[in-house]
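The values are calculated or read from the model by the stated rules, or taken from the named source; none is laboratory data. This is a predicted model, so every value here is computed, not measured. Please note: Cβ atoms are built from the backbone with ideal geometry, for glycine as well, and neighbour counts cover all protein chains shown. To get the accessible areas, we keep the full protein, side chains included, count just its heavy atoms, and leave off ligands, DNA and RNA. Shrake-Rupley method; radii C 1.70, N 1.55, O 1.52, S 1.80 Å.
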Amino acid sequence: MLLNLLEYHWAEDIDDALLLLSRTDIKTVPLAGGTYLLGQADVGTQFIASDIEAVVDLRDLQLSYIKEDAQMIHIGAMTTLQNMADAPLLKNSADGVLARAAQASSFSRLLRNSATLGGTIGVGVASQADLLTALSVMDAEVVLRSGSQTSVNLGGGQRAGQSFAPTGIVYKGKHERRLAFHSFALEHRPNELIIEVRIPRPGTTASGAFERVGRTPTDVALLNAVALVAVQDEVYQRVRLALGGVNMEPVRLYAIEQQLEGKPADVGAQFIASLVQASMADVRLPSDFRASSGYRHVCGINLVNRVLEEATNGSRWRGKFSGKRA
Ligand SMILES: Cc1cc2nc3c(=O)[nH]c(=O)nc-3n(C[C@H](O)[C@H](O)[C@H](O)COP(=O)(O)OP(=O)(O)OC[C@H]3O[C@@H](n4cnc5c(N)ncnc54)[C@H](O)[C@@H]3O)c2cc1C
């Protein structure tokens, strides 16, 4: 509950939203789908809801879109999880891992119709969204914008007798930057607005795989794994692999990625199984009331083997039968 809310702004323009969010005298936050923000307790959570004095509603900022250009797929921050799950562009890229992860992130269609990409990234781990793991293997970048407002008084420099004395001139500035998705949680600043997420186009031979384990099929994922593999001329050209799940940051498995890139795609299941087993020894998975770290470790080894095998086979098949190159 936002018990101390004093202002509600329905922004019609991104620059207006940035100026409102840049204020330091009144704690102002963006409002997207509201599924997380409005359900917050007043104390003891990531956000202290009772501190929030103003919200800026983003729904009219034209930030709900999914489009592509020659290099990138662009997904606007206000795109809902349901729109991502339904988008043909995402369904047809890398076996639809992003669309499938968006669908799995919340099994309630009601929530998926409101919850947005920007809100999910804004909440981070607490959203419990499978989407975060998929974004980390897609090498996603988050585009952020912030605004500033500076009042300058030029009156002191006027010559005596001059009639016009400019005072209180307001300079409005804005700044845009891009952050790699994996560094977003550490590096983003509180007044920055997520504008969109950019994902390099995976290429026609890239194949993806997504697997999850939950207590029930509709529960949050105790653990999930996503792989993105591109095989060219029967050689691993690109391997991206991550594990995620409830209450954990996605973990990229760089050791496995680096060991496989450049190797022949027919190294064999035995080689991959030993590689995964050895690399997982260095990965620390959390323990909580849902599952122990040991259980997650065993699940993780199985999931990683499965997604790697599925994505490798998918990419080899595409390479052979599509006749196209990534
Ligand atoms: C009962 C319940 C259970 C849920 N369970 C799950 C679940 O299991 N898995 C799951 O994925 N989701 C779940 N959700 C939904 C989850 O809250 C959303 O996935 C998402 O985290 C919030 O998206 P939103 O658009 O509603 O964001 P909001 O609630 O509007 O905002 C969330 C935070 O992000 C900030 N923010 C929003 N947009 C931007 C932006 N463009 N730039 C910068 N900051 C921004 C807000 O200021 C706020 O701090 C659940 C929701 C509820 C109510």
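Apart from one condition, Tyr236 fits all of (1) open to solvent by less than 30 Å² (accessible area, probe 1.4 Å); (2) over 21 Å from Arg100 (Cβ atoms); (3) outside any strand (DSSP E or B); the exception is (3).
Scan segment 203-221 residue by residue and report those that are touching a strand residue (DSSP E or B) at 6+ places or on another chain (Cβ under 8 Å) and open to solvent by 10 Å² or more (accessible area, probe 1.4 Å). Spell out the reasoning first.
If we filter segment 203-221 for residues that are touching a strand residue (DSSP E or B) at 6+ places or on another chain (Cβ under 8 Å), which is where we start, we get 203, 205-215, 220-221.
Gly203, Phe210, Glu211, Arg212, Val213, Gly214, Arg215, Val220 - these are the residues of segment 203-221 that are touching a strand residue (DSSP E or B) at 6+ places or on another chain (Cβ under 8 Å) and open to solvent by 10 Å² or more (accessible area, probe 1.4 Å).
Summed over segment 108-150, the residues that are closer than 21 Å to Arg23 by Cα, touching a helix residue (DSSP H, G or I) at 6+ places or on another chain (Cβ under 8 Å) and more than 7 Å from the ligand (Cβ to nearest atom) give a count of 4. Of all residues assigned to segment 10-32, at least one qualifies as being open to solvent by 40 Å² or more (accessible area, probe 1.4 Å), modelled with pLDDT of 95 or more and more than 9 Å from the ligand (Cβ to nearest atom). Being at pLDDT below 95 and closer than 17 Å to Asp130 by Cβ holds for only one residue in Arg318, Arg252, Arg284, Arg215, and it is Arg215.
Gln277 meets all of the listed conditions (1) open to solvent by 10 Å² or more (accessible area, probe 1.4 Å); (2) touching a residue at least 24 places away in the same chain (Cβ under 8 Å); (3) out of contact with any Gly (no Cβ under 8 Å at 6 or more places or on another chain); (4) within 16 Å of the ligand (Cβ to nearest atom) but one, namely (4).
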